[in-house]
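Contents: one structure, followed by commentary.
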Amino acid sequence: MTSIEAIGSRSRISATAAVRAYLVVCGIVLLLMMLLGLTMRLAQAQWIDVEPNLFYVIMTMHGAGMVGIAGLGGAAVMWHFVRRYIPVSTGIFIANLVFFLIGAVLILGAGFIGGFAGAWTFLYPLPDHSGGLWSANGAAAYMAGLLVIGVGFLLLHLDIARGIISVYGGLGSGLGVKQAFGFAPEKDGPPPAVAASTMAAISNIIGIVVGAVVLVLSLVNLYVPSFTFNTLVAKNLIYYFGHTFINVTIYMAVIAVYEILPVYTHRAWKTNRAFYLAWVLSTLMVLTVYPHHLLMDFAMPTWILVAGQIISWLSGLPVLLVTAFGTLTNVYRSGLKWDAAAGLVFIGVAGWAIGVIPAIADGTIPVNSVMHNTQWVPGHFHTYLLLGMMAMMLGFMTYLAGPKSPSRLAPLGVWLYLIGGTIFVLAFLAAGSASVPRRYAVHLPAWLPYDRAGSIGASLVVAGALILIVRFLVSLRSPIDATP
Amino acid sequence: MTRGFAPLLGLVLCVGVGALAWATEGFRVITSEGARQVSIARHPIPIPNVRLIDQDGHTFSFGDYHGRTIFVDFIYTRCPKLCGELGDDFRQALSRSDAKNGHVAFLSISFDRADDREALQLYADRYAARAPRWRVAMPYDARGLSMLLQTFGVTVIPDGMGGFVHDGTIYAVDESGRVARILDPGARIAAVPP
Amino acid sequence: MTRGLVLVVWGILWLVRTPLESDMALHMTVQLPLLIGIGYMLATFLRPHEPRWFARADWFGIPGLLLVVFATSFWMLPRMLDLALSDPWIDLIKFASLPLLAGLPLGLSWSRMPGLGRAFLWANFIPKLAAIGGLYLAAPTRLCAYYRLDQQTTAGAALIAVAVALGLSWSAVLFIGSPPFWSKGGENAVERMRGAASGGP
Ligand code: HEM
């Protein structure tokens, strides 16, 4: 081994160790947050007793925790693969995890000690109007936690952007803009992992700095209540940040599809002009999609609403279409041998595609004014987050665990996850079309059947995820393979 | 980390946080109004014995109120908007603090040298202000006016259209004739009777 | 020669301070940045004479840039804007401290900050500037006792305009980057990856 190779393999070992550390945190937090979710479902089903005050604490923690680890898991997938094409800093990657853990401690403290229950979206000025349920310090700890986590992600995305620029010259080339518009041959385009990472960097850098502004303003408002600001502007900024952040998690996780499926099918992922064009369009739209959260706000100017509606129909679609189509062509007649990892990644694409349909329905103004505060909404985002994004992340975990680790149980885990998840989200969607409101701790007797079906589905999901995650944790006993 | 980094960082942090803490009265205020509010609450300021003339043409001074709390606002009688709000507020507050509450008085001071006794009278009539419970008054001379504006910390700047920009703040003067409290900007007293 | 020019500009700014300060937007978007710019120019002359201990203790430029953050936040507080207007002595302190405690350390420490740190600072500075502008634009009451509400609104709009201009030019640089966007780069991306990777650890 030459010394250069030795350095290379050492840095590969530390990088893989860092990715493992990410996934350990993700796996454990995911299980805990799923148990919180199950607790809520059981409480709504009236199978267990949970104080309404505690319900809202749990709901806040579940939302914040899930969104946080979706980001963290997406980052792990993205970083692991994009590292093959651009120089990135392992130090910054680890720093992000450290920031995340500090932030998570602050947020958990805010919820379970400080009693903060203002929902993960901390809509201004709610944090300052707790009606005595939580203290200013509780709300402040929550927002400071988000801020710390934001710092970590901002550094990570900036570092990746720097790596992309150092290789491709600019973010535009990293996204494949030249290929998209036919100025350069398709074969010279960036690999899919780079295009996706570029989009994630652009969207999240802007989203996070916008979020940081509202967080700082809200924090000042907590301690100097006479200092106020425009609530509609605050709402816009918060949703801009929240929506972008959660959207980007799937664009990071989808890299697992681009990189893992070809390993199974022995076919490279085809990047053609349509592929690049799709990423360019989706980048533009993610940046402008947020107004659809405000469809109910008649105070918003009409043209923003109309633009928001059109864009929200279309935003994720380009990337989704090229990915779904690419997945099918990649898999079709490839003679691939299905296993847990390939299955999960495939489920991820399907879950994402199906999860977008209710979103499109929800994006229509007449439907939105009726449905937006029903369980239709958790139905939609649980479909693409639980069955889409998280399935891709679990697929990545299973892939990393490798075929050597005990895998007889893995297919069972996948089936439990798929079947349970389907029942769980269908229960939400059905309840939503029966106008069951979201964010209610106590449900009417007429709503209980939905809640009970949902609880059963959720229990299966938890069992499936438990199998997959434990299998991953067990696989960690084997040393890291230093060969590329 | 290099030698000298930690001390330098510490120094910058201490000086920086110290300076910001000083400028914001311990991270409580960001405006000069806020700063005055805090400092007055801590050290009430005695009011110089300026002579004023009220809507009925009587002269008086702050000393005459000894033992009573006075709510003071600063107005000008041509004021199109803000002073109307202030006037309504005083009228409502007055109707709530009944005769028993005789130890509370109201005082609207005009800072516009163009105002005369007649203008004061018209303004008082508009809000049914009766001396001595509610005096609408102006200082006898320009020197008295600038002394009052300075003591209360009122900034008045021309609005460029012949009127004035002022902030419509309400002040409370305590029994021993000192400016003791500045209400929040925009705060009104009718909601909270003394 | 240029050294003298900087001092002359400093002096002229002091002489025209009344007109510049009479308007909030001019005060915040012209006078304050020019004062910082004077300090930044001073740094280019003074760098050879920079004390060794400072160059060493200023690890990655962190203490220096922290000082810049403190000094600029301090003079942007509405209360300090007011005080600078009402008391010439305070204004004098502002005229000395913005160049010396904000511009000068900015010039000295900026080049010591690694690229990632600079990007982080830009990414935070631009939206905060816009946010302050937004607050001024939307605040129903006056924040400064010496400026009218309409001046405050204009100042807010001006700050937002500056932030938008900075943000757009920064993103354009990142997006288009070098080599020139329209060249058919990309063929040698792999080699560049190797070059960049072997440069790092
Ligand atoms: C076993 C899996 C899960 C269960 C049982 C579960 C259950 C729930 C329940 C019962 C709610 C409240 C619904 C209502 O408003 O009535 C909820 C809300 C939510 N869940 Fe989940 N969930 C699960 C997985 C996930 C995943 C994987 C994510 C994201 C990656 C997620 C993100 C959220 C968010 C963001 C909310 C909204 C909280 C709010 O309204 O403030 N959940 N979940």
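Before moving on, here are some points about what is shown:
- Top-ranked residue in the range C:131-156 [being open to solvent by less than 30 Å² (accessible area, probe 1.4 Å) and at pLDDT 85 or above; ranked as farthest from the other protein chains (Cβ to nearest Cβ)]: C:Ala155
- Filter pass, A:Lys235 being within 14 Å of chain C (Cβ to nearest Cβ), modelled with pLDDT under 85, assigned to a helix (DSSP H, G or I) and within 16 Å of the ligand (Cβ to nearest atom): yes
- Residue within the range C:24-47 that is more than 18 Å from the chain's Cα centre (by Cα), outside any helix (DSSP H, G or I) and surrounded by 13 or more Cβ atoms within 10 Å (Cβ to Cβ) present: no
- Test: residue in the range B:28-45 that is in contact with a helix residue (DSSP H, G or I) (Cβ under 7 Å, 6 or more places away or on another chain) and more than 14 Å from every other protein chain (Cβ to nearest Cβ): yes
- Selection within the range A:403-452 - away from the ligand (no atom under 12 Å from the Cβ), in contact (Cβ under 8 Å) with a residue 12 or more places away in the chain and within 14 Å of A:Gln46 (Cβ to Cβ): A:Leu448, A:Arg452
- Residue check, A:Leu473 more than 13 Å from the ligand (Cβ to nearest atom), hydrophobic (A, V, I, L, M, F, W, C) and touching a residue at least 12 places away in the same chain (Cβ under 8 Å): yes
- Residues of the range C:69-85 that turn out to be open to solvent by 20 Å² or more (accessible area, probe 1.4 Å) and under 16 Å from the mean Cα position of the chain (by Cα), as a count: 7
- Here the range A:151-181 is the region considered, the condition is being polar (S, T, N, Q) and facing chain C (nearest Cβ under 7 Å), and the residue that is farthest from C:Pro114 (Cα to Cα) is A:Ser173.
- Output for the range A:263-278, where each listed residue is open to solvent by less than 50 Å² (accessible area, probe 1.4 Å) and farther than 14 Å from A:Ala342 by Cα: A:Trp269, A:Thr271, A:Phe275, A:Tyr276, A:Ala278
- Within the range A:182-208, restricting attention to residues that are closer than 30 Å to A:Ala144 by Cβ, open to solvent by less than 20 Å² (accessible area, probe 1.4 Å) and not polar (S, T, N, Q), the residue that is farthest from the other protein chains (Cβ to nearest Cβ) is A:Ala200.
- Of all residues in the range A:32-50 being modelled with pLDDT of 90 or more and open to solvent by less than 30 Å² (accessible area, probe 1.4 Å), the one that is farthest from the ligand (Cβ to nearest atom): A:Ala43
- Within the range A:51-81, considering residues that are under 30 Å from A:Trp269 (Cα atoms) and away from the ligand (no atom under 12 Å from the Cβ), the one most open to solvent (accessible area, probe 1.4 Å): A:His80
- For the range B:1-24, a residue qualifies if it is more than 20 Å from C:Thr72 (Cβ to Cβ), assigned to a loop (DSSP other than H, G, I, E, B) and open to solvent by less than 90 Å² (accessible area, probe 1.4 Å), and the qualifying residues are B:Thr2, B:Gly4.
- Residue in the range C:86-99 that is crowded, with 17+ Cβ neighbours inside 10 Å and within 8 Å of chain B (Cβ to nearest Cβ) present: no
- Any chance C:Gly200 is modelled with pLDDT of 85 or more and within 11 Å of chain A (Cβ to nearest Cβ): no
- Applying the condition of being within 16 Å of A:Ala195 (Cα to Cα) and open to solvent by 10 Å² or more (accessible area, probe 1.4 Å) to the range A:238-262 and asking which residue is modelled with the lowest pLDDT yields A:Asn247.
- Test: residue in the range A:89-102 that is assigned to a loop (DSSP other than H, G, I, E, B) and either among the aromatic types (Phe, Trp, Tyr) or at pLDDT 75 or above (or both): yes
The values are calculated or read from the model by the stated rules, or taken from the named source; none is laboratory data. Here the structure is a predicted model, which means the values were calculated and not measured. Every residue, glycine as well, gets a Cβ built from its backbone with ideal geometry; the counts of neighbours run over all protein chains shown. The area values use the complete protein model at the heavy-atom level, side chains included, leaving out ligands, DNA and RNA. Shrake-Rupley method; radii C 1.70, N 1.55, O 1.52, S 1.80 Å.
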